[in-house]
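All remarks here apply to the structure that follows.
Throughout, read-outs are computed from the coordinates displayed, never taken from laboratory work. Please read all numbers here as calculations on a predicted model, not as lab measurements. Methodologically, a virtual Cβ is constructed for each residue, glycine included, from the backbone with ideal geometry; neighbour enumeration extends over all protein chains shown.
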Ligand code: AMP
């Protein structure tokens, strides 16, 4: 029986896949499951994929990306003085996928299912089919991307039952260059009730924001504009994308590039830090725009968020924690854990191909965290309350590794107790305390960063690593998520923690004594330090004033006077508020 392959022919990336032994598998090309949808012409030779993408900034006139946006256009595209139809360019991508898959497998690739956006018109679908034929492929079927994603997600055996009867699903697809949202009715057949989006919004815009951040840094620090220097910009853009991807799992990234060519024989080295919080601020307007589109799609389908049974996340950018938070805000528990968001359309196409050839597909078991795992920290913006800050949110696919940065409260603070809580509440008393890990600290000023990393594996073991950054103090422990009250290291006596919790109840939220409390502060100082970094990057003279307020706050935290802490905190927060208002 001839196999039918699935192809996700994406705006930014493409993938080829196959149902093998009942499981959808993506066939790696050049060592990666995803292939950039970029074509570059070098004389008579055609370069496709990552190599073409690398050439895009150096030889833009010879290279074309995002051809999918032109599918169905009657006019040709001009590349390096020659004209090509969009179908021809797309056919180069398909040919590359075909050839590469054939070289990986011991079989020919002739028959395919290709996915297209739900909003694609007839002309665009015909053009997609034509490009398949130009690549020598028999296009068995063109299917909608959200329907392929739904096919994949509903083939997974998640901890909750898939649900019987008709299901209403929202497919939120945030890729590299486009954002699509579709509302589906999934029954015997899958029907697209509404589909909308923005064909010019995606991860590339987020990369651009980080790129601008780097350019501003270079302008301020090195007094030069790197933008005319293409090789430097190409490297910065690649570094920006890596930073964005890194921030999906760690709270801070360092962007470092050595010997960036900035004209003549001149080079510069850059090293700057970007926090997830800052990055999320940069992309907030884009995320708000996606929220509006989701509401529009729901309106067009005459539904509200409460009617939706499943929210399926598709596209590499749905790994960004702020996107997941947005979906949780809008849909709460209907959200399914993101599983292979950048591969799920291709895998769904492979399942469709398998169904056409009469193969049965097995359910694939996916483990997810049933509860959020977090730690208690002083986290209030206006009052310093002990709250549980999630590190691994509920419904995250395991195994998973995530980290967050916290700060000590007092100068010379000699230890921290890291509490590991399981549960959805922000109130420690309402969560289960799995265990505590005590770490003795090296003498350091207040706000010394403490990195807490949780790795959760398939056996339910939480591997916790606590590190005092910059002081080589570190402690690791394995906690069994099914047990309670495990202790590792020099955990301070319970009464210290209990004292804080009792105080919270009695005094309405103020921990008694910041200096002896082994807790961590993760909000105000982090916010203030981010703002300071921004002002410094902008060359803003207010940076000096902010630094004074931060220093005063740190000094107050280290002292005995609660009123002084409150006053310093208020002044700092007022300043930050004003800054935001400007
Ligand atoms: P897609 O079009 O679905 O292949 O998505 C590609 C986009 O997802 C690109 O902008 C990638 O940089 C982005 N992306 C991939 N992985 C991640 C990640 N872990 N966190 C954030 N963005 C990601």
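Can you give the angle from 0 to 90° between the axis of helix 494-507 and the longest principal axis of the chain, with both taken from C-alpha atoms, to the nearest 10?
Value to nearest ten degrees: 90.
As a test, work out the antiparallel percent of DSSP beta bridges whose residues both lie in the chain, rounded to the nearest 5.
80
Could I have the simple spin-label model distance between residue 307 and residue 104, label points 7 Å from Cα toward Cβ, reported in nm to one decimal?
4.0
If one takes the longest principal axis of the Cα atoms in the chain, at what angle in degrees, from 0 to 90 and to the nearest 10, does the Cα axis of helix 122-134 lie?
With both axes taken from Cα atoms, the answer is about 70 degrees.
Work out how far the C-alpha atoms of the chain reach from end to end along every principal axis, then list the three figures in whole Å, largest first.
Its Cα atoms span 77, 64, 45 Å along the three principal axes.
What 222 nm value per residue comes from the helices of the chain, counting each DSSP H run with n ≥ 4 as -39,500 (n - 2.57) and dividing by all residues, nearest 500 deg cm²/dmol?
Rounded to the nearest 500, it is -11500 deg cm²/dmol.
So how much slack lies between residue 200 and residue 138, counting 0.36 nm per residue of separation and subtracting their Cα-Cα distance, in nm?
Value of the extension gain: 19.3 nm.
Based only on other Cβ atoms within 10 Å, what is the fewest-to-most ordering of 9, 151, 57?
Ascending number of Cβ neighbours within 10 Å: 57, 151, 9.
In degrees from 0 to 90, rounded to the nearest 10, what is the angle of the helix 321-331 Cα long axis to the longest principal axis of the chain?
80
Please give, to one decimal in nm, the separation of the simple spin-label points placed at residue 578 and residue 442, each 7 Å out from Cα toward the Cβ.
According to this spin-label approximation, the distance is 3.8 nm.
Could you calculate the contour length gain from residue 222 to residue 329, that is, 0.36 nm times the residue separation minus the distance between their Cα atoms, to one decimal place in nm?
Taking 0.36 nm per residue and subtracting the Cα distance, the gain is 34.3 nm.
Between residue 20 and residue 44, what is the FRET efficiency for a Förster distance of 35 Å, r being their Cβ-Cβ separation, to the nearest 0.05?
That pair, residue 20 with residue 44, gives E of 0.45.
Could you grab the relative contact order for segment 521-581? Cα pairs under 8 Å, six or more apart, rounded to a whole percent.
32
Expressed in nm to one decimal, what extension gain is obtained for the pair residue 1 and residue 242 from 0.36 nm per residue of sequence separation less their Cα-Cα distance?
Working it through step by step, the gained length comes to 82.6 nm.
Any idea how far apart residue 259 and residue 430 come out in nm if each label point goes 7 Å out from Cα toward Cβ?
5.6
Quick check: Cα centre of segment 200-263 to Cα centre of segment 280-296, how many Å?
Cα centroid of segment 200-263 versus Cα centroid of segment 280-296: 22 Å apart.
Tell me, how many Å apart are the Cα centres for segment 24-46 and for segment 398-433?
43
Taking the Cα of residue 300, stepping 7 Å toward and past its beta carbon, and measuring to each backbone N in segment 180-206: which are under 12 Å?
Under cut-off, by backbone N: 180-184, 192-199.
Using Cα pairs under 8 angstrom and six or more residues apart, how large is the relative contact order of the chain, in percent?
Computed value for the chain: 12 percent relative contact order.
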